[in-house]
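**Q** Have a look at the structure that comes next, please.
Quick note: the coordinates plus some simple rules give every number you see, no bench work behind them. As the structure is a prediction and not an experimental result, all values here were calculated from the model. Neighbour counts are summed over all protein chains in view; Cβ atoms, including those assigned to glycine, are modelled from backbone coordinates with ideal geometry.
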Amino acid sequence: MSMPAPSSCSFSSSRRARRGVLLAALALGFSLCAPQPLATATAPPPPGAGAAAAVPVFEETFDGPAGAAPDARRWNTEVGDNVNNRERQYYTPGNANAALDGQGHLVITARRENPGNYSCWYGRCEYTSARLNTAGKFNAAYGRVEARVKMSRGQGVWPAFWMLGQDFGQVGWPASGEIDIMENVGHELGRVHGTLHGPGYSGGEGITGSYNLPPGQVFADAFHTFAIDWAPDVITWSVDGQVYQRRTPADLGGRAWVFNKPFFLLLNLAIGGNWPGDPDGSTVFPQRLVIDHVRVTASPGTPGPGRTGVLTGLAGKCLDIAGANPADRTPVQLYTCNGTVAQRWTLGDDGTVRALGKCLDAQGGQTADGTRVQLYTCNGTGAQRWAYNSAARDLVNVPANKCLDVLGQNPADATPTQLWTCSGNPNQKWNLVV
C-alpha cells in the first residue's frame, strides 16, 4: 500500500477555543493536581540508529469481556458536559458509553439519546458520550506515545487523543500545556490534526499541522496509528509511521515551551462545539471510536526531564550548534550567547546532553585527544554519555574520560569543540546556567 502524502504544517487561525477539563470530573473523587507517574520516557531513536529496542512503560490492549468498563486502575471516566467549547454531549460514567468489545478493543460510543435526563449548559442534553484520562494513574515525560484507532465520522463528530501537563491542577490551562496527538472533525473524512497549546498560543492560536490520506481514503474505514515521538525540546507527529510535523521551541516565537515535563493521557469523542460545528441531518448515530491499543514506549536507560539551560565556557561564550542545524554530524562549537534554542541544552538523568532533540556526541565513538564533538541522533552509545561536575565545571565523556574542550583555547566564534585530556584549563570549563 502506498504511503499517504502529508499536507503542509501551519499556524491556524481557525482553531477552537480549548476544551479544559470538566468541572464535573471533580465529583468523581480523583485529583488532577498530583498525578503519580508510573514511568518517564524518552523518544526512541529511529530505525537504524543503533539503539536497543524500545520497551513499553504503559500498554493498554483493552483485553476483557464484552461490556466491561475500562480498567479503573489506569483510566478515570469523566462525567458532565463541557461549556468551554459549546459541545453538545454529556459524558457518562461506567460502561454506558465506554466499554470493551471482547475482541481487544475499547469502544467509545456517542449516541443521540439522554436516558438519564442529564442537563447540559444549553438545557436538556441531546447526546451522550465518554471521555477518559490517566490523571493520577499514569503520566510520562518523553517517549513514543501512540494509539491505534478506527475513527468515527460525520458532521459535528469530534474524536481526540491528547495530553495535558500533570500540573494542570496547579497552573491551569493553557499554562499546563496541551499536546493534541490526534484530532478529527468528522466532516474531514481523510484529515487529522496535531497541535500544541501553551501560554500565548492556545485555542485558535495553537501551533498546528495536519495530515491528509490520499484522495478517496477515509480514516473511519480502517485502523490507523497516531503517534508523537517526544524528547526534550522536540515533538514529532506521525500517522502510520509517516512523519508530518516536527515542533521545537524555535516555532514559538519566544513564547514558553511548556512540554519538558510529565503529561497525562486523554481519549474522548465529543459532539458539536465551536470548531466542528453541530451535527446536522447528515450525521448518523450512534458513532463509534474504536481503540485497539494505547502505548507509551521508551528506550532503555530512560532519562528524566533533567536540567535545562545554557552552557557557558571560554570568554563567557556558549556551547552552540552550528547554524542551529539539527542534522546529524552538525559541529558543536563556541559562539557568542544569543538565547536561541541552538544553545539550550538539557543534561538528562541518563548522562545525555541534548539540544534540538538530539545528543552531544563524540564523532565516530572515538576516545582519542582531538576527537571532534557533534550533534547526532540519540542512540544510547558511550559516545553520548557525559558526566557534568558542577563544582569543577568539567563536562567529561565517560568512556574516554576526557573533557569537552574548545580547540586551541581560541575564544573566537565558531571555534570547534573536541575531546581532550582534562587539564583544568579555562577552555574546558563549563557553567550550566538554568
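**Q** Provide the per-residue ³J(HN,Hα) series for the range 363-370, in order, calculated from phi with Karplus coefficients 6.51, -1.76, 1.60 and θ = phi - 60°, each as a whole number of Hz, with x at glycine and proline positions.
**A** Whole-Hz 3J(HN,Hα) from phi for the range 363-370: 3, x, x, 6, 10, 6, 3, x.
**Q** Further question on the same structure: With a sphere of radius 11 Å drawn around the Cβ of Leu189, what net charge do the other residues whose Cβ falls strictly inside it have (Lys, Arg +1; Asp, Glu -1)?
**A** Numbers: positive: Arg153, Arg191; negative: Glu188, Asp221.
Summing Lys and Arg as +1 and Asp and Glu as -1 gives 0.
**Q** Hey, another quick one. Tell me the net charge near Leu213. Cut-off is 11 Å between Cβ atoms, Leu213 excluded, with +1 for each Lys or Arg and -1 for each Asp or Glu.
**A** -2
**Q** Something else now. With each run of n ≥ 4 DSSP H residues scored as -39500 (n - 2.57), what mean residue ellipticity at 222 nm is computed for the chain after dividing by its residue count and rounding to the nearest 500 deg cm²/dmol?
**A** Values: 1 runs with 4 residues, N = 434.
Computed mean residue ellipticity for the chain: 0 deg cm²/dmol.
**Q** Now, a different point. Pairs of Cα atoms under 8 Å, at least six residues apart: use those to get the relative contact order of the chain, whole percent. Intermediate results must be reported in sequence, preceding the final value.
**A** Numbers: 1238 pairs, mean separation 79.5, N = 434.
Once divided by the residue count of the chain, the mean separation gives 18 percent.
**Q** Using a Förster distance of 35 Å, how high is the FRET efficiency between Glu113 and Glu59, based on the Cβ-Cβ distance and rounded to 0.05?
**A** Details: r = 33 Å, r/R0 = 0.95.
Result of the calculation: an efficiency of 0.55.
**Q** Using the Karplus equation 6.51 cos²θ - 1.76 cosθ + 1.60 (θ = phi - 60°), what ³J(HN,Hα) coupling, rounded to whole Hz, does each residue of the range 234-251 give in order, writing x for Gly and Pro?
**A** Those phi angles translate into 7, 10, 10, 9, 8, 10, 6, x, 8, 6, 10, 7, 9, 10, 9, x, 4, 7 Hz.
**Q** Taking H placed 1.01 Å from N in the peptide plane, check which residues at least 5 places from Val79 or on another chain put their amide H under 5 Å from its amide H.
**A** Close amide H contacts, sequence-distant or interchain: Ala25.
**Q** Would you work out if the range 118-243 is rounded, prolate or oblate? Take a ≥ b ≥ c from the square roots of the eigenvalues of the alpha-carbon gyration tensor; rounded if a/c is under 1.5, else prolate when a/b is larger than b/c, oblate otherwise.
**A** Numbers: a/c = 1.66, a/b = 1.06, b/c = 1.56.
Oblate, since a/c reaches 1.5 and b/c is not below a/b.
**Q** So who's got an amide H within less than 5 Å of the one on Ser119, skipping anything under 5 residues away but keeping other chains? H placed 1.01 Å off N, in plane.
**A** Here Cys125 satisfy the definition.
**Q** By how many nm would the segment from Val83 to Asn389 lengthen if fully extended, with 0.36 nm per residue of separation less the alpha-carbon distance?
**A** 105.0 nm
**Q** Right, another one. For Cys337 and Cys422 in one chain, what is 0.36 nm times their gap in residues minus the Cα-Cα distance, to one decimal in nm? Numbers along the way, then the final one.
**A** Numbers: separation 85, 0.36 × 85 = 30.60 nm, distance 2.42 nm.
The span from Cys337 to Cys422 would gain 28.2 nm if fully extended.
**Q** Counting only DSSP beta bridges with both residues in the chain, tell me the antiparallel percent, nearest 5.
**A** On the way: 110 of 113 bridges.
DSSP beta bridges in the chain are roughly 95 percent antiparallel.
**Q** Percent relative contact order of the range 307-433, based on C-alpha pairs within less than 8 angstrom and at least six residues apart? Kindly include the intermediate steps, with their values, before the conclusion.
**A** On the way: 324 pairs, mean separation 35.7, N = 127.
Relative contact order comes out at 28 percent.
**Q** On to the next question. Sorting check: for 111-119, 88-96, which peptide has the highest mean count of neighbouring beta carbons within 10 Å, and how do the rest follow?
**A** Working: 111-119: 13.7, 88-96: 21.3.
Ranked by mean Cβ neighbours within 10 Å, highest first: 88-96, 111-119.
**Q** Past the 21 Å Cα-Cα mark, which pairs from Lys261/Lys429; Lys402/Lys429; Lys261/Lys402; Lys150/Lys261? Before the final figure, lay out the partial values.
**A** On the way: Lys261/Lys429 29 Å; Lys402/Lys429 12 Å; Lys261/Lys402 31 Å; Lys150/Lys261 29 Å.
The pairs that break the limit, which is 21 Å between Cα atoms, are Lys261/Lys429; Lys261/Lys402; Lys150/Lys261.
**Q** Taking a cut-off of 19 Å between Cα atoms, list the aspartates and glutamates near Lys137, but don't count ones fewer than 8 places away on the same chain.
**A** Here the aspartates and glutamates satisfying the reach criterion relative to Lys137 are Glu59, Glu60, Asp63, Asp71, Glu78, Glu146, Asp167, Glu178.
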